[in-house]
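Quick notes on the structure that follows.
Read the figures in this text as sums done on the coordinates, not as results from a lab. Computed from a prediction, not measured in an experiment: that's the story for all the values here. So basically every Cβ, Gly included, is an ideal-geometry build from the backbone, and we count neighbours across all protein chains shown.
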Amino acid sequence: MKVTVRDAAAHARRLGYHVIAAEQLRATRCLLVLAEPSGQPFAVLIQRRALITAADVQDFAEMLFLRRLDRGLLIAVDGGFSNEARRTAQELRQATITLATDIPPASGFAPAGLSPVVDLK
């Protein structure tokens with residue numbers, strides 16, 4: 001998946017999500033706010049970097065807080081997550097952040113059925 005807002009939004013639509021908002025934050029980072037088929041909104045931060053760190057997880061948690069969302073997906077494109085990033089995602093109290101390498105299909109993303117930290121390789 002490319003890290004352009006246009007490609008990311010098109011990819012999310014193909015997977016069955018409704019795109020509420022889309023922002024290109026940097027050349028290697030974009031933010032989507034999606035709605036599941038049930039209408040429940042959540043954010044997706046897509047980032048192309050070799051290693052996603054705890055600071056990235058904390059930045060995303062702050063974005064969720066500012067947008068008043070309680071869950072999100074942090075997607076690593078062409079990279080992975082540090083152990084600290086995984087621990088930080090598990091320890092968050094105000095939001096649930098799922099770490100992944102791609103956006104799962106809309107039918108497969110249920111809050112009760114998805115662990116807070118998964119790797120969809």
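The charge dipole of the stretch 1-72, taken about its Cα centre with unit charges on the Cβ of Lys, Arg, Asp and Glu (plus for the first two, minus for the last two), comes to roughly 280 debye.
Using a simple charge model, +1 on the beta-carbon of Lys and Arg, -1 on the beta-carbon of Asp and Glu, nothing else, what dipole does the chain show about its Cα centre, in debye to the nearest 20?
Dipole size: approximately 220 debye.
Against the compact-protein benchmark of 2.2 N^0.38 Å, the Cα-based radius of gyration of the chain scales to 0.94.
Between Q40, Q90, Q58, the residue with the greatest mean-square fluctuation in the GNM of the chain (Cα pairs under 10 Å linked by springs) is Q40.
For the chain, what does the helix formula give at 222 nm: sum of -39500 (n - 2.57) over DSSP H segments with n ≥ 4, over the residue count, nearest 500 deg cm²/dmol? Here the helix-only value at 222 nm equals -8000 deg cm²/dmol.
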